[in-house]
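The values are calculated or read from the model by the stated rules, or taken from the named source; none is laboratory data. Computed from a prediction, not measured in an experiment: that's the story for all the values here. With ideal geometry, Cβ positions are generated from the backbone for all residues, glycine too; neighbour counts draw on all protein chains shown. Only protein heavy atoms, including side chains, enter the accessible area calculation; ligands, DNA and RNA are left aside. Shrake-Rupley method; radii C 1.70, N 1.55, O 1.52, S 1.80 Å.
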Amino acid sequence: YGDTYVGGSIRYTGTCKQNSDKRLKKDIQTIDGALDKVLKLRGVTYYWKNREEMASVRGVKADSLEYTYEKGKQIGVIAQELEEVLPELVETDNEGFKSVNYINLTPVLIEAVKELKAEKDELQTTVEKQQQKIDNQQQQIDELKKMVEELLKK
């Protein structure tokens, strides 16, 4: 029990699992306003700083730093920005450095997709009603045209 800090990548076969059994939870509530929350987030690409830069930020000598951050372009979020929207997904360590629980961002994204689907369905219903109204009006116009033509013949 407790925290484990690892520098570098973790590669494994199998799956990574987190307890999620309903019997272990209480005060369960659906995430409201998930779409608004997601729209406030910013996905970014970035590169990790090099050993010297990282040591400077941490206030230590470069040779004392065990540096194994992933090389190449990365994708993620900025913890400070995420914390403003979803503080429960950000943790601050004893040195003030922030980390993100990316796995628990998934339920927010799930609810945001469901909200988008509901909005799409509502819009589709509105469009269908408008089309029906347009069709009815066109039918009325056609009938009025016939009536006018008949009146003009007389």
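Miscellaneous remarks
- Subset tally (residues that are under 15 Å from the mean Cα position of the chain (by Cα), assigned to a loop (DSSP other than H, G, I, E, B) and without any contact (Cβ under 8 Å) to a residue 24 or more places away in the chain) for the stretch 95-119: 1
- Here Thr15, Thr30 are screened, and the one residue that is free of Cβ contacts under 8 Å to residues at least 24 places away in the same chain and under 28 Å from Lys117 (Cβ atoms) is Thr15.
Okay, residues lined up against (1) at pLDDT below 95; (2) out of contact with any Pro (no Cβ under 6 Å at 6 or more places or on another chain); (3) within 30 Å of Gly43 (Cβ to Cβ):
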{"position": "Val77", "(1), (2), (3)": "no, yes, yes"}
{"position": "Glu81", "(1), (2), (3)": "no, yes, yes"}
{"position": "Pro87", "(1), (2), (3)": "no, yes, yes"}
{"position": "Gly96", "(1), (2), (3)": "yes, yes, yes"}
{"position": "Val108", "(1), (2), (3)": "no, yes, yes"}
{"position": "Val113", "(1), (2), (3)": "no, yes, yes"}
{"position": "Lys133", "(1), (2), (3)": "no, yes, no"}
{"position": "Gln139", "(1), (2), (3)": "no, yes, no"}
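- Exactly one residue among Arg23, Arg42 is open to solvent by 90 Å² or more (accessible area, probe 1.4 Å) and either farther than 22 Å from Ala79 by Cα or out of contact with any Asp or Glu (no Cβ under 9 Å at 6 or more places or on another chain) (or both), and that residue is Arg23.
- For the condition surrounded by fewer than 10 Cβ atoms within 10 Å (Cβ to Cβ), within 24 Å of the chain's Cα centre (by Cα) and free of Cβ contacts under 8 Å to residues at least 60 places away in the same chain, Lys73 qualifies.
- Any hit, the stretch 89-112, residues being of a type in the set (A, V, I, L, M), open to solvent by less than 60 Å² (accessible area, probe 1.4 Å) and touching a Ser or Thr at 6+ places or on another chain (Cβ under 9 Å): yes
- Boolean, Gln80 is closer than 30 Å to Gln18 by Cα and either within 24 Å of the chain's Cα centre (by Cα) or among the charged types (D, E, K, R) (or both): yes
- Boolean, Leu152 is modelled with pLDDT of 95 or more and either among the aliphatic types (A, V, I, L, M) or in contact with a Leu (Cβ under 7 Å, 6 or more places away or on another chain) (or both): no
- Filter result for Ile134 (without any contact (Cβ under 8 Å) to a residue 40 or more places away in the chain, surrounded by fewer than 10 Cβ atoms within 10 Å (Cβ to Cβ) and either assigned to a helix (DSSP H, G or I) or of a type in the set (A, V, I, L, M) (or both)): no
- Residue tally, condition of a type in the set (Gly, Ala, Ser) and farther than 22 Å from Val6 by Cα, over the stretch 35-81: 1
- Consider the stretch 117-131 and keep the residues that are among the aliphatic types (A, V, I, L, M) and open to solvent by less than 90 Å² (accessible area, probe 1.4 Å). The one that is nearest to Ala55 (Cα to Cα) is Ala118.
- When Leu86 is tested against (1) surrounded by 10 or more Cβ atoms within 10 Å (Cβ to Cβ); (2) more than 25 Å from Leu116 (Cα to Cα); (3) aliphatic (A, V, I, L, M), exactly one condition is not met: (2).
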